[in-house]
Amino acid sequence: MQNQTNIPQMGFGTYGRQGDAGIAALLVALETGYRHFDTAQDYDTETEVGEAIKRSGLKRSDVFVTTKISTHNLGPGQLIPSLERSLDTLQLDQLDLTLIHWPSPNGAVPLEVYIEQLAEAHALGLTKLVGVSNFTIALLEQAKASMGDVPISNNQVELNPLLQNKRLATHCKNEGISVTCYLPIARGVLGDVPIIRDLAIKYHATPEQIALAFEFAKGYIAIPTSGRAERIRANFEAIKLSLSVEDIAAIESVDCGQRAINPDWGPNWD
Ligand SMILES: NC(=O)c1ccc[n+]([C@@H]2O[C@H](COP(=O)([O-])OP(=O)(O)OC[C@H]3O[C@@H](n4cnc5c(N)ncnc54)[C@H](OP(=O)(O)O)[C@@H]3O)[C@@H](O)[C@H]2O)c1
């Protein structure tokens, strides 16, 4: 399943997937069929992602790899060298997607400084697509103005049934920006939500599969992670699950704006 920017809708998050256990989980994901991997300079998992892809024997073109630029690498002259180091660590020649991980905390680095470097990285061919993460509507508008001709392909944000980010998601849709959901399964707490639990029983599915199927039905990309093989496989099965229009509407009703990742230096959310 791919969206309009050819980003596979089902991705595998790599936060916490470090060392030999991390490589083992990544290999299970690759064997299961995941073809989209989400890493970041700050996760310390670029080595593991590169190693697992190499060991899988898959062609480079069969796998979609995203990394994210750390807030420590946004200053003048810093972004491109940091992306070159990421490519070395990943053992790749080019990223599929490079995101600004967070807007510069408290605006310490002006937005145009790092957005212009991101556009330059694209022009140099270091990455096929570029985008942002944790960007609000106002920040997306500023980024668009600084990006020149290079489209913002993606905004990766916290999004799951408990935090549906409807205003932001609608804005992204209208602007042709694909949305990637991080914490797409709300770190395993959705079994406590009665409507989700009832739907899981109805569809003979897990609460996490219900959440992922909802996100796919909305046209989003999702990047769940797990260190456990059975969960890696179970989460992947969600791509086969089709929810009725009524059940999608029922899941829309559980949105309560519950945000898990909210640093005090983060942006003023929509
Ligand atoms: N852009 C950003 O600022 C940002 C922020 C946070 C995350 N991310 C990205 O998003 C990815 C996903 O976010 P996340 O890892 O924080 O949250 P998540 O994918 O929503 O949840 C992962 C957690 O849920 C558990 N889990 C996985 N499958 C499960 C299942 N089927 N049933 C019950 N529990 C299950 C896992 O534990 P076990 O390992 O024990 O299974 C893990 O603790 C990250 O890996 C990262 O790539 C991006």
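The values are calculated or read from the model by the stated rules, or taken from the named source; none is laboratory data. Remember, predicted model here, so these are calculated numbers, not experimental data. For neighbour counting, all protein chains shown are included, and Cβ atoms are generated from backbone atoms with ideal geometry for every residue, glycine included. Ligands, DNA and RNA are excluded from the accessible area calculation, which covers all protein heavy atoms including side chains. Shrake-Rupley method; radii C 1.70, N 1.55, O 1.52, S 1.80 Å.
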Notebook entry, point to check: Which distance in Å, rounded to a whole number, links the C-alpha centroids of the range 56-120 and the range 129-183?
Noted result: 16 Å
Notebook entry, point to check: Which one of Asn6, Tyr203, Thr136 has its Cα pushed farthest toward the positive end of the charge dipole of the chain, where Lys and Arg give +1 and Asp and Glu give -1 at the Cβ?
Noted result: Tyr203
Checklist line | Backbone HN-Hα couplings from phi across the range 101-106 [Karplus 6.51/-1.76/1.60, Hz, Gly and Pro as x] | finding: 5, 9, x, 4, x, 6
Note to self: With the crude spin-label approximation of a point 7 Å out along Cα→Cβ, what separation in nm comes out for Trp265 versus Glu230?
What the structure shows: 4.1 nm
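Restricting to DSSP H runs of at least four residues, report the calculated mean residue ellipticity at 222 nm for the chain, -39500 (n - 2.57) per run over all residues, nearest 500 deg cm²/dmol.
Rounded to the nearest 500, it is -11500 deg cm²/dmol.
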Next item on the list: Taking all pairs of distinct Cα atoms, average 1/r, flip it, and tell me the Kirkwood hydrodynamic radius of the chain in Å to one decimal place.
Entry: 18.7 Å
Note to self: Amide H of Gln9 versus every other amide H placed in the peptide plane: which residues, excluding those fewer than 5 positions away on the same chain, fall under 5 Å?
What the structure shows: Gln2, Asn3
Next item on the list: At 7 Å along the Cα-to-beta-carbon direction for both Glu84 and Glu31, put a label point, then send me their distance in nm to one decimal.
Entry: 3.9 nm
Item checked: Inverse of mean 1/r across different Cα pairs in the range 69-224, Kirkwood, Å -> 16.7 Å
Item checked: 4 °C / 1.567 mPa s Stokes-Einstein diffusion coefficient of the range 151-270, Kirkwood radius on C-alpha pairs, µm²/s -> 88 µm²/s
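Nearest 5 percent is fine: what portion of the DSSP beta bridges confined to the chain is antiparallel?
Values: 2 of 28 bridges.
If we restrict to bridges inside the chain, about 5 percent are antiparallel.
So what's the net charge close to Ser253: Lys and Arg +1, Asp and Glu -1, counting the other residues with Cβ under 13 Å from its Cβ?
-4
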Notebook entry, point to check: What's the percent breakdown of Cα-Cα distances in the range 88-132 across 10 Å bins, shortest bin first?
Noted result: 27, 49, 23, 1
Check: Do you know the relative contact order of the range 83-179, to the nearest whole percent, from alpha carbon pairs under 8 angstrom that are 6+ apart?
Finding: 26 percent
Notebook entry, point to check: How large is the dipole of the chain about the Cα centre if only Lys and Arg carry +1 and Asp and Glu carry -1, each at its Cβ, rounded to the nearest 20 debye?
Noted result: 500 debye
Note to self: Report the per residue volume, in Å³, of the convex hull enclosing the C-alpha atoms of the range 207-270.
What the structure shows: 120 Å³
Next item on the list: Return, for the Cα atoms of the range 50-127, the radius of gyration and Dmax in Å, separated by a comma.
Entry: 13.4, 43
Item checked: Net charge over other residues, Cβ less than 14 angstrom from the Cβ of Thr5 (K, R count +1; D, E count -1) -> 0
Note to self: Can you compute 3J(HN,Hα) from phi for each residue in the range 138-149, using the Karplus curve 6.51 cos²θ - 1.76 cosθ + 1.60 with θ = phi - 60°, rounded to whole Hz and x for Gly and Pro?
What the structure shows: 4, 5, 4, 5, 5, 5, 4, 5, 8, 7, x, 7
Margin query: Taking all protein chains in place and a 1.4 Å probe, what share, in percent, of the accessible surface of the chain do carbon and sulfur account for?
Written below: 49 percent
Item checked: 5 Å binning of all Cα-Cα separations within the range 149-206, expressed as whole percents from 0 upward -> 4, 17, 22, 17, 14, 13, 8, 2, 2, 0
Next item on the list: Kindly flag which residue pairs out of Lys166/Lys202; Lys144/Lys173; Lys144/Lys240; Lys59/Lys128; Lys128/Lys173 have an alpha-carbon separation exceeding 23 Å in this structure.
Entry: Lys166/Lys202; Lys144/Lys240
Next item on the list: Work from the charge dipole of the chain (Cβ charges, +1 for Lys and Arg, -1 for Asp and Glu, about the Cα centre) and give the residue of Leu118, Ser244, Ala260 farthest towards its positive end.
Entry: Ser244
Checklist line | Residues listed by number, the range 157-174, amide nitrogen under 14 Å from Cys256 label point at 7 Å toward C-beta | finding: 161-164
Check: Can you tell me the Rg and the Dmax, both Å, for the Cα atoms in the range 1-80?
Finding: 13.3, 41
Next item on the list: Could you go through the range 13-30 in sequence order and give the Karplus-derived ³J(HN,Hα) for each residue, using 6.51 cos²θ - 1.76 cosθ + 1.60 with θ = phi - 60°, rounded to whole Hz, and x for Gly and Pro?
Entry: x, 10, 4, x, 8, 9, x, 4, 5, x, 4, 4, 5, 5, 5, 4, 4, 5
